[in-house]
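For reference, the structure is listed below as structure tokens.
The values are calculated or read from the model by the stated rules, or taken from the named source; none is laboratory data. Just so we're clear, the structure is a prediction, and the values are computed from it rather than from any experiment. Every residue, glycine among them, receives a Cβ derived from its backbone with ideal geometry; neighbour counts consider all protein chains shown.
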Amino acid sequence: MDIICCPLDKQELELDARQEEAEEVIFGTLTCTQCGERYPIEDGIPNLLPPDMREA
Amino acid sequence: MDIICCPLDKQELELDARQEEAEEVIFGTLTCTQCGERYPIEDGIPNLLPPDMREA
Amino acid sequence: MSVREEFNEWAEDGRDKGMEERHWHTAKYVLARMPVEAGDTVLDLGCGSGYAGRALRDTKNAGRVYGLDGSPEMAHNARGYTDDSAVSYLVGDFDHLPFEDGSIDHVFTMEAFYYANDPHETLREVRRILRPGGTLFCAVNYYEENIHSHEWQDSISVEMTRWSGNEYREAFRDAGLYVAEQDNIPDRETEIPDSAAFPTDSWDTQDAMVERYREFGTLLTVGVST
Amino acid sequence: MSVREEFNEWAEDGRDKGMEERHWHTAKYVLARMPVEAGDTVLDLGCGSGYAGRALRDTKNAGRVYGLDGSPEMAHNARGYTDDSAVSYLVGDFDHLPFEDGSIDHVFTMEAFYYANDPHETLREVRRILRPGGTLFCAVNYYEENIHSHEWQDSISVEMTRWSGNEYREAFRDAGLYVAEQDNIPDRETEIPDSAAFPTDSWDTQDAMVERYREFGTLLTVGVST
Ligand SMILES: Nc1ncnc2c1ncn2[C@@H]1O[C@H](CSCC[C@H](N)C(=O)O)[C@@H](O)[C@H]1O
Ligand SMILES: Nc1ncnc2c1ncn2[C@@H]1O[C@H](CSCC[C@H](N)C(=O)O)[C@@H](O)[C@H]1O
């Protein structure tokens, strides 16, 4: 996941894993180290949509 | 023919036309402005083989 | 409707699998052409069921494959179809790619590109994330010359971009991608009934159906980043 | 024998036309894929009868087309098959291309590249003469995976280079060309007799003939210059 970045400013993300299985993060949060935007990981899939598209 | 150059040193060629038809050179000679090597035009077709391959 | 809403519905009623089956007729030839070397990192834009990434792992030993889709349900289904840990799925948008500059070797996209909100921005984003010499294989069945596709917009709530082959080449170049090739890949597998069967529910004439599948097929444009 | 001597003989006994007819089965698909725009300058390396340049003038409105061949008789025949003054033929050698740096938009070569005295030098020369973003479409029937082609060397006096697909990709990259695609283009037109007709003079089994034409076909490698 080291090439994944923030979709908005393309800066690095910091991982906060809540649940892991076999080295895979199942639930957690990715936070942009620059703008602070938070992206959820659900069922092993990071949601990196810009926040305003997440519920659109 | 302005992009055609000497196959050996890639320098410009100078045209000496002996016979022309409808703006096409049928017989003539192309001479390299740098190395002086001469390339024949026969039947409208320039022979730009390196000289040592011309009769090989 | 948004991409998320529209394609979540598709994923929920199984259209992800239906598309995989139909698109495979031509997508397999597109994938075969890609200059993917063992270990390369590949991105599938609008991955749907995720078949392309799975295929590139199997046939070319791609190192890591990302399937990106704007529909969480599509990505969720795709995740369920493989347990290869080198295949990652993520939810994202074509115009906001969550990848670092120059981090991807090759990008594939099938029947998805024209849903981009701003396709010019998508191309710039692709160019940004590709390493020098990386390629974009962009395959579409919906395009200007394929007159049989024009009506598709009527049944899809997401706005679709309908470029001609020439417009694809120009847009690639505008985004800084060299155009390496453009081609029509025929679908030789969709069955075309005897002429006696026409008109059918979907086709007035056999000729039209032959033109749609055997001639127009899939428009492929290949771009190279620098 | 030299290229000149060997292929002068071929031109004199009409093999230029025979090759055109056979190679057209796959070459037409290669030509269709090329991103040639109206007005572009195209070079055909080892042009033989010169069909490729004529086709690119007709189908894509190429601006000027050069057919280069090491055999004066080939070039002479090619000249005789067209009176389009935008098509030029010249005699030259693959390893000593008589074109200025960056002066050519696209290069096509069919069933000719592997006769080069030094194919690595030919690729460097192609790279030199192509403008940034220019392409090389290199098509060969004689290559390592096509085992049915291996014996061809026995009846040709010019030494032939037999690379695999992977060796083509590597050599392109060594010469500074990005590899944009590699593909096998099937020949679906060469007639294959009923299985009862085998063995024939040329083929032990129908399977072998099917593999040669329908599967291996022509190996195409596309390179892009920078
Ligand atoms: N702007 C956008 N960003 C991300 N994904 C998008 C998108 N617009 C459409 N998509 C996705 O693109 C897919 C198009 S359907 C094609 C799926 C697959 N490539 C196949 O060949 O079968 C859908 O799954 C849809 O959710
Ligand atoms: N080193 C070299 N330099 C220039 N031409 C060469 C060459 N080696 C072979 N050729 C030419 O390449 C041609 C190969 S035969 C193929 C001809 C044509 N492209 C076709 O598809 O039918 C011959 O005409 C031969 O004279």
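Here are the numbers:
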quantity	calculated
Of all residues in region A:35-56 being assigned to a loop (DSSP other than H, G, I, E, B) and under 14 Å from A:Ile4 (Cβ atoms), the one that is nearest to the other protein chains (Cβ to nearest Cβ)	A:Leu48
Every pair of residues 6+ apart whose Cβ atoms lie under 8 Å, when the first sits in region C:38-57 and is on the phi > 0 side of the Ramachandran plot while the second is surrounded by 24 or more Cβ atoms within 10 Å (Cβ to Cβ) and among the β-branched types (Val, Ile, Thr)	C:Gly46/C:Thr109
Residue list for region D:180-214, filter: closer than 16 Å to D:Val140 by Cα and not charged (D, E, K, R)	D:Gln182, D:Asn184, D:Ile185, D:Pro186, D:Tyr213
Residues satisfying the stated conditions in region A:1-16, i.e. within 13 Å of chain C (Cβ to nearest Cβ) and assigned to a strand (DSSP E or B)	A:Ile4, A:Leu13
Count of residues meeting criterion [within 11 Å of chain D (Cβ to nearest Cβ) and in contact with a Phe, Trp or Tyr (Cβ under 7 Å, 6 or more places away or on another chain)] in region B:17-31	1
Failed item, numbered, when C:Ala171 is tested on (1) within 14 Å of chain D (Cβ to nearest Cβ); (2) of a type in the set (Gly, Ala, Ser); (3) part of a loop (DSSP other than H, G, I, E, B)	(3)
Qualifying residues in region D:136-165 (those that are over 14 Å from the mean Cα position of the chain (by Cα) and of a type in the set (S, T, N, Q)) - the one farthest from D:His25 (Cα to Cα)	D:Ser157
Matching residues, region C:90-114, being more than 8 Å from chain A (Cβ to nearest Cβ) and of a type in the set (A, V, I, L, M)	C:Val107, C:Met110, C:Ala112
Breaking point among (1) touching a residue at least 24 places away in the same chain (Cβ under 8 Å); (2) surrounded by fewer than 17 Cβ atoms within 10 Å (Cβ to Cβ); (3) in a strand (DSSP E or B), for B:Gln19	(1)
Selection within region D:116-133 - touching a Gly at 6+ places or on another chain (Cβ under 8 Å) and more than 13 Å from chain B (Cβ to nearest Cβ)	D:Leu123, D:Val126, D:Arg127, D:Pro132
Residue in region D:187-226 that is farthest from D:Glu170 (Cα to Cα), counting only those that are within 14 Å of chain C (Cβ to nearest Cβ) and surrounded by fewer than 17 Cβ atoms within 10 Å (Cβ to Cβ)	D:Arg188
Residues that are assigned to a loop (DSSP other than H, G, I, E, B) and of a type outside the set (D, E, K, R), drawn from region C:2-36	C:Ser2, C:Gly14, C:Met34, C:Pro35, C:Val36
Residues (touching a residue at least 60 places away in the same chain (Cβ under 8 Å) and under 12 Å from D:Gly48 (Cβ atoms)) located in region D:18-36	D:Met19, D:Arg22, D:His23, D:Ala27
C:Asp13 vs. criteria at pLDDT 95 or above, away from ligand 1 (no atom under 14 Å from the Cβ) and surrounded by fewer than 24 Cβ atoms within 10 Å (Cβ to Cβ)	no
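Results for (1) away from ligand 2 (no atom under 11 Å from the Cβ); (2) surrounded by fewer than 18 Cβ atoms within 10 Å (Cβ to Cβ), shown as yes or no for each residue.
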| residue | (1), (2) |
| --- | --- |
| D:Glu9 | no, yes |
| D:Gly18 | no, yes |
| D:His25 | no, yes |
| D:Lys60 | yes, no |
| D:Val65 | yes, no |
| D:Ser71 | no, no |
| D:His76 | yes, no |
| D:Asp83 | yes, yes |
| D:Phe94 | no, no |
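Yes/no per residue for (1) over 28 Å from D:Asp183 (Cβ atoms); (2) within 11 Å of chain B (Cβ to nearest Cβ); (3) more than 16 Å from the chain's Cα centre (by Cα); (4) hydroxyl-bearing (Ser, Thr, Tyr):
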position	(1), (2), (3), (4)
D:Arg22	no, no, no, no
D:Glu37	no, no, yes, no
D:Val42	no, no, no, no
D:Asn61	no, no, yes, no
D:Met74	no, yes, no, no
D:Ser88	yes, yes, yes, yes
